[in-house]
1. Of everything in region 41-57, what is surrounded by fewer than 12 Cβ atoms within 10 Å (Cβ to Cβ) and closer than 30 Å to L23 by Cβ? Give them in sequence order.
2. Just give me the residues in region 35-58 being farther than 18 Å from N84 by Cα, in a helix (DSSP H, G or I) and at pLDDT below 85, in sequence order.
3. Note down all Cβ pairs under 6 Å where the first residue falls in region 63-92 and is of a type outside the set (S, T, N, Q), the second is at pLDDT 90 or above, and they're at least six residues apart or on different chains.
Amino acid sequence: MPAQPVFRRTTQVWHPRAEGERLRPWDPAEFPVASALCDTTFSLGTVTRPLYVQEPGLMDRYVDAVEKVMADLDTVLSVPVEYNPRPTDAPC
């Protein structure tokens, strides 16, 4: 959460000018619990396109995809993966 733009702006109430405001830096080490949560959480959507404001049809496709993956989780977990940690300046 500390990496989210809303918490890194000086103006806490959103207004059109807020979008152009430079974000304050943040250090993940100052928020170890939040950083660990981001590193171990499966999340859908992005800061600019959160899932909850998408069209219902797209949300349904996400649900279908997650159900398909979870139905064969053993196969998914058996595939080797390469871990690429997120950049420290990227929100979760």
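1. Selection gives T41, F42, S43, T46, T48, R49, P50, Y52, V53, E55.
2. L51, Y52, V53
3. Final answer for the pair search is V76/V69.
The values are calculated or read from the model by the stated rules, or taken from the named source; none is laboratory data. These figures come from a predicted structure and were not determined experimentally. Positions of Cβ are backbone-derived with ideal geometry, glycine not excepted, and every protein chain shown enters the neighbour counts.
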